[in-house]
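To start, the structure under review is shown below, and the notes come after it.
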Amino acid sequence: MSSNDKHLELSDYKFENNDFLHYFKNLYKDRGLKAFYQFLNRPHRRSYSRSLIKKYAGEGYGLEIGCGARTIAPTERTVLSDAFSEHGVHGSIAKVFFKGDEIPYPDGTFDFLLNEHVLEHIANPIKALKEWLRVLKVGGHIFLFLPHKERTNDSLRKVTSLDHLIEDYQNDVPYNDPTHFDDWFQNVVEKGLMPEHYKHMEREELLNSASIHHHVWTEKEIVELFEYLDLEIVFVDGKVHYRRDTFLVVGKKKS
Ligand SMILES: C[S@@+](CC[C@H](N)C(=O)[O-])C[C@H]1O[C@@H](n2cnc3c(N)ncnc32)[C@H](O)[C@@H]1O
Ligand SMILES: [Zn+2]
């Protein structure tokens, strides 16, 4: 169990009755009338992730970590969680709040766990992944959608090695670890690759709100990381077609 003194039970969570209505209501809230345009022109976003979840985790309940203002999960059977009620310029649609490395659900609660553009915001990825594996059932799946080093604003930074992640874990670095701040600030913010919004935030505020990308990856390093954690690799997509800056790795918790 995590050190968090809050405990949650799956039976207390109110899942959505209608996944599509939930999706559209939030899209409308976020984008206004542009929601109709986006819905008509980008129909693949939901169907891709949902079909993969259906294929590998056709039954049972899932947990999304860091859903932010939108979710790609089937909401009638996925717990929507986040660490922050606001992140950047967006409010979160999560229904339960906790940090991804201290999950208040019991061991083996979920059949699948997913997140999109979250692990790079977590300073101690191995600590978080071990926690994700704890709440996952044996045979359960982890879906990680992540920004690809070459196709995002991290393109000027170096890829993070597995050895570095192991060191972060051994040093028990906290969620607001400043190690990568200067690298991120110089190679992303000062190069004009982030929205203006971030330029005006204080260093402490950027770190405490998990606004920076601590680490930088391609699918190759995430496969290596999954293998290090003894996950079976079941699917890799180097370029997700509806979000071209993104790759996906799916792993299975072995028995
Ligand atoms: C770039 S946003 C991605 C939001 C959404 N998944 C998407 O793809 O649009 C990063 C998200 O990670 C969440 N986050 C940051 N650090 C976290 C942590 N330690 N545990 C859980 N979520 C975290 C933030 O609150 C935010 O919602
Ligand atoms: Zn690090």
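The values are calculated or read from the model by the stated rules, or taken from the named source; none is laboratory data. These numbers come from a predicted model, not from an experiment. Cβ placement follows ideal geometry from the backbone for every residue including glycine, while neighbour counts extend to all protein chains displayed. We work out accessible area using only protein heavy atoms, side chains counted, and drop any ligands, DNA or RNA first. Shrake-Rupley method; radii C 1.70, N 1.55, O 1.52, S 1.80 Å.
Couple of notes before you dig in:
- Only one of the numbered conditions (1) modelled with pLDDT under 95; (2) not in a loop (DSSP other than H, G, I, E, B) is violated by D183, and that is (1).
- Within segment 46-85, tally of residues that are over 14 Å from the mean Cα position of the chain (by Cα), in contact (Cβ under 8 Å) with a residue 24 or more places away in the chain and either open to solvent by 30 Å² or more (accessible area, probe 1.4 Å) or within 16 Å of ligand 2 (Cβ to nearest atom) (or both): 8
- Filtered by the rule that a residue be of a type in the set (S, T, N, Q), more than 10 Å from ligand 2 (Cβ to nearest atom) and open to solvent by 70 Å² or more (accessible area, probe 1.4 Å), segment 168-183 gives a lone residue, Q170.
- Residue pairs meeting the criteria (Cβ under 8 Å; at least 6 apart or on separate chains; first part of a helix (DSSP H, G or I), in segment 210-223; second of a type in the set (V, I, T)): E219/V236; E219/V249; E221/V159; E221/T160; I222/V249; V223/I233; V223/V236; V223/V249
- In this entry, L193 is excluded by the filter for residues that are among the aliphatic types (A, V, I, L, M) and surrounded by 15 or more Cβ atoms within 10 Å (Cβ to Cβ).
- The set of residues in segment 28-78 that are within 12 Å of ligand 1 (Cβ to nearest atom) and either of a type outside the set (D, E) or assigned to a loop (DSSP other than H, G, I, E, B) (or both) comprises R45, S49, L63, I65, G66, C67, G68, A69, R70, T71, I72, A73.
- Any hit, segment 224-238, residues being in a loop (DSSP other than H, G, I, E, B), closer than 16 Å to L119 by Cβ, more than 16 Å from ligand 2 (Cβ to nearest atom) and at pLDDT 95 or above: yes
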